[in-house]
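*Asks:* Handing you this structure, nothing more for now.
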Amino acid sequence: MGTVWKMVDDTNSGIEYTGDWRPSFGNDIIDGVGVSLNDSGHSVIGPVFNNTVHSVLTAGTSLKFRFNGTSHAAIYGSNVRTPDLSGSFVTECLLDNVSVETDGSHPGPINLPLTPTDILVRNNQVLCRSGEAKSNLVVPGEHELVFNVLNTTGTTAGLFVDYIVYETLPDASVDGDILQMGNGDIDFPANRDQHLSFTPGWVETARPFANIFTYTPGSSVTVKFNGTGIQLYGEFMGQGTQLALNPMIYQLDDQDPMVFQLFPFGDGLNRTHQILFDIHSLSPDEHTVVVTHNGTASGMPLIVDYFQVTSLTSDEQASLSSGMPSSLPSPPPRHQQKSAIIGGAVGGALLFSLVAVGAVIFLWKRNRQRQRKETTGSSPLYVESSGADFDPYSLESSFHTRTNKPTTEGSNSHDTSLTPTEDINVVRTRNLKLQQRLTVLQTAVSGNRHAEQSPITHTDSGWRMREEGRQELPPTYAEA
């Protein structure tokens, strides 16, 4: 790659300001004027660069900019001309301590009058330029460009510094810089810029503004660049009755051609430095744009002031060389982030609810087990004789039991007499830990049932249920 022209905004930290300067924006209303620099109704020479400027307030102010290049550089600014701001500025431009003027010749102080004209606001004006216009004479290396305000008369609200352009050394590195291509207003005419290729039919002009134009239908200019954006700055003619509207087209890479219209204003004032198209957010790669005159020879001409390109950053260049993506993966959309937050909150609340329910169930079961233990605290084997119910002649009376356990709701409180088998079942179901005692009890009961039975001698008379395997005798029975 050859040389390129870098644009340096007035807010760049490489510019050193000395004295009383006032940073402002292009859409700020100027004191005492009532309009802004970007007011399209009063500014016919395009908007300010990057919407920022530094206004000169007093004499004795200056700026200094150091650069490494071919020695070609220029300072651009704005001025406002109105009867309310009558006066003038006396300025000086130095390159490496050598005085230069706005056109690079006739060194010495520059008198900039603010004489009212039909154009109120003038942007993109060359305040000073190093080297003679369209000259190949260069001095490569480190340079220092200085702009001094020596004197002011009248108001001090009419002069603004906007940006600096300079030509780099061949194959100089770029890192997201804004580049100008084909600006014949400084040193090289547009058709000598190595980034541009013109077909036959184009004409170069130097006055009143340096540019290149064509009336020839089918004539085109091709721009090759490595970058992520490109703008075409051109002109609209003011001859409304002599020139008709003309369509032009531009094509980016292999995409479909796009049409833009060139139309006259009819007030006799040419509009320069106008943005004819703006292509941005391109992939970091090499691109080609072709601009073609697609109208009639009697209509508006296609006029090129310059192209403005956003170069690749160092990271984009490295990724382009390695074939890897130039950026990290994009963060998820806001609605996805919001959904993730909501999902996390709901999941956390659900987990908390499950833990709380589990704790309640655990406490309930523990309390229930405690109540059961308290209910079964008395030994089911505790027996007391029934006193008056005791019958010495009845085997069953020896197994009549009465527990001290209070009766529960739904149970039969009067049913306290249990058979031996029922007694064993109660013991088994109420306390499994007393199996050893049950075994002893079962053995005793079995022994009583199978032992040899002695005859029963009744002490009274009457009907009784007989017991199997037992001999019953009347009260007065005696063996012979």
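The values are calculated or read from the model by the stated rules, or taken from the named source; none is laboratory data. The shown structure was predicted, so the numbers you read here are calculated from the model rather than taken from an experiment. Quick reminder, even Gly has a Cβ in these numbers, built from the backbone with ideal geometry, and neighbours come from all protein chains shown.
*Asks:* Got a sec? Which of I186, I178 is at pLDDT 95 or above and farther than 21 Å from P257 by Cβ?
*Replies:* I178
*Asks:* Among the strands (runs of 3 or more DSSP E) lying completely within region 1-96, list those that include at least 1 residues that are among the β-branched types (V, I, T).
*Replies:* Strands (runs of 3 or more DSSP E) meeting the threshold: 5-9, 15-18, 52-56, 62-80, 87-95.
*Asks:* Collect the residues in region 269-318 that are within 19 Å of V223 (Cα to Cα), free of Cβ contacts under 8 Å to residues at least 60 places away in the same chain and outside any strand (DSSP E or B), keeping them in residue-number order.
*Replies:* H280, S281, L282, S283, P284
For (1) at pLDDT below 70; (2) of a type outside the set (V, I, T); (3) on the phi > 0 side of the Ramachandran plot; (4) within 40 Å of the chain's Cα centre (by Cα), each residue gets a yes or a no:
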residue: E316; (1), (2), (3), (4): no, yes, no, yes
residue: L320; (1), (2), (3), (4): no, yes, no, yes
residue: P332; (1), (2), (3), (4): yes, yes, no, yes
residue: G344; (1), (2), (3), (4): yes, yes, no, yes
residue: V360; (1), (2), (3), (4): yes, no, no, no
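*Asks:* When you look at D254, is it acidic (D, E), at pLDDT 95 or above and not in a loop (DSSP other than H, G, I, E, B), yes or no?
*Replies:* no
*Asks:* Restrict the check to region 100-120 and report whether at least one residue is touching an Asp or Glu at 6+ places or on another chain (Cβ under 8 Å) and at pLDDT 85 or above.
*Replies:* no
*Asks:* Contact list please: Cβ distance under 9 Å, first residue in region 169-185 and of a type in the set (V, I, T), second residue surrounded by 21 or more Cβ atoms within 10 Å (Cβ to Cβ) and assigned to a loop (DSSP other than H, G, I, E, B), pairs at least six apart or on different chains.
*Replies:* Short answer, once both residue conditions are applied: V174/V4; V174/L312.
For (1) among the hydroxyl-bearing types (S, T, Y); (2) modelled with pLDDT of 95 or more; (3) farther than 26 Å from D193 by Cα; (4) surrounded by fewer than 14 Cβ atoms within 10 Å (Cβ to Cβ), each residue gets a yes or a no:
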site	(1), (2), (3), (4)
T11	yes, yes, yes, yes
G19	no, no, yes, no
P23	no, yes, yes, yes
G32	no, no, yes, yes
V35	no, no, yes, no
G46	no, no, no, no
N51	no, yes, yes, no
G60	no, no, yes, yes
L63	no, yes, yes, no
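*Asks:* Which pairs do you get when a residue that is assigned by TED's automatic domain parsing to the domain that holds N124, found in region 32-43, comes within reach of a residue that is of a type in the set (G, A, S) and surrounded by 15 or more Cβ atoms within 10 Å (Cβ to Cβ), reach meaning Cβ atoms under 8 angstrom, with the pair 6+ apart or on two chains?
*Replies:* Final answer for the pair search is G32/A157; V33/A157; S36/G26; L37/G26; L37/S43; L37/S78; N38/G26.
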